[in-house]
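Working notes for the structure below.
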Amino acid sequence: MKVVVLADTHINGSGHGRLPDAAWKSLHTADAILHAGDVVSAAFLDELAELAPVYAVLGNNDRTLVGLVPENVELDLDGVRVAMVHDSGPRRGREQRMQARFPNVDLVVFGHSHIPWDAPGAGGQHLFNPGSATQRRSGPARTFGVVRIAKGVARTRIVALP
């Protein structure tokens, strides 16, 4: 199973912001799409949903999506328990905070910082922030994530965009 992971795209559906072609290419081969918040418009979620099932959480800039998108999501993707939230809080203590908040998951996906993060968490969890494919801000590059899941095991990868 191929899961494409986005966050902080800030695409408002009225011509502002566009995913790079390399991200679209990967999305066209996805079995599922995760968006860790700051989607900004329902139109962009609808566009993604034409490609694969989409799971999204509410970001701090998703004012028009309040009541339509949950603040967090927990789901099972081919035997991997996944939780998703927009803001995981400060870097310091993140591993313990996410373990306490989502004690029964294998993979925690988050966004907000625009900085990619792909590292072990506490209690056997893995923490994954795909960065932003549209606004690198203080990140090293514009990025998105890919999670390959097979037999209950997730392999995560950050994809840097040109």
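Hey, does region 36-51 have a residue that's crowded, with 21+ Cβ neighbours inside 10 Å, in contact with a Pro (Cβ under 8 Å, 6 or more places away or on another chain) and of a type in the set (A, V, I, L, M, F, W, C)?
Yes.
So which residues in region 7-30 are farther than 15 Å from A133 by Cα and either surrounded by 16 or more Cβ atoms within 10 Å (Cβ to Cβ) or under 14 Å from the mean Cα position of the chain (by Cα) (or both), if there are any at all?
G13, A30
How many residues does region 22-48 contain that are within 18 Å of H114 (Cβ to Cβ), in a helix (DSSP H, G or I) and of a type in the set (D, E)?
Residues in region 22-48 being within 18 Å of H114 (Cβ to Cβ), in a helix (DSSP H, G or I) and of a type in the set (D, E): 0 in total.
Going residue by residue through region 123-134, is there one that turns out to be of a type outside the set (D, E), over 13 Å from V5 (Cα atoms), buried (at least 16 other Cβ atoms within 10 Å of the Cβ) and in contact with a helix residue (DSSP H, G or I) (Cβ under 8 Å, 6 or more places away or on another chain)?
Yes.
Suppose the filter is at pLDDT 95 or above, touching a Phe, Trp or Tyr at 6+ places or on another chain (Cβ under 6 Å) and closer than 16 Å to Q125 by Cα; does V85 pass it?
yes
Enumerate the strands (runs of 3 or more DSSP E) found wholly within region 49-119, keeping only those where 1 or more residues are in contact with a His (Cβ under 7 Å, 6 or more places away or on another chain), in contact (Cβ under 8 Å) with a residue 40 or more places away in the chain and within 16 Å of T156 (Cβ to Cβ).
107-109
Take A150 and tell me if it is among the aliphatic types (A, V, I, L, M), farther than 20 Å from M1 by Cα and surrounded by fewer than 19 Cβ atoms within 10 Å (Cβ to Cβ).
Here the answer is no, as A150 does not meet what is asked.
If V105 passes every condition in (1) closer than 24 Å to G139 by Cα; (2) aliphatic (A, V, I, L, M); (3) surrounded by 22 or more Cβ atoms within 10 Å (Cβ to Cβ) but one, which one does it miss?
For V105, the exception is condition (1).
So F44 passes all but one of these: (1) modelled with pLDDT of 95 or more; (2) within 26 Å of S138 (Cα to Cα); (3) under 16 Å from the mean Cα position of the chain (by Cα). Which condition number does it fail?
The one condition F44 does not meet is (1).
The values are calculated or read from the model by the stated rules, or taken from the named source; none is laboratory data. Computed from a predicted model, the values in this text were never measured in an experiment. Cβ atoms come from the backbone with ideal geometry, glycine included; neighbour counts cover every protein chain shown.
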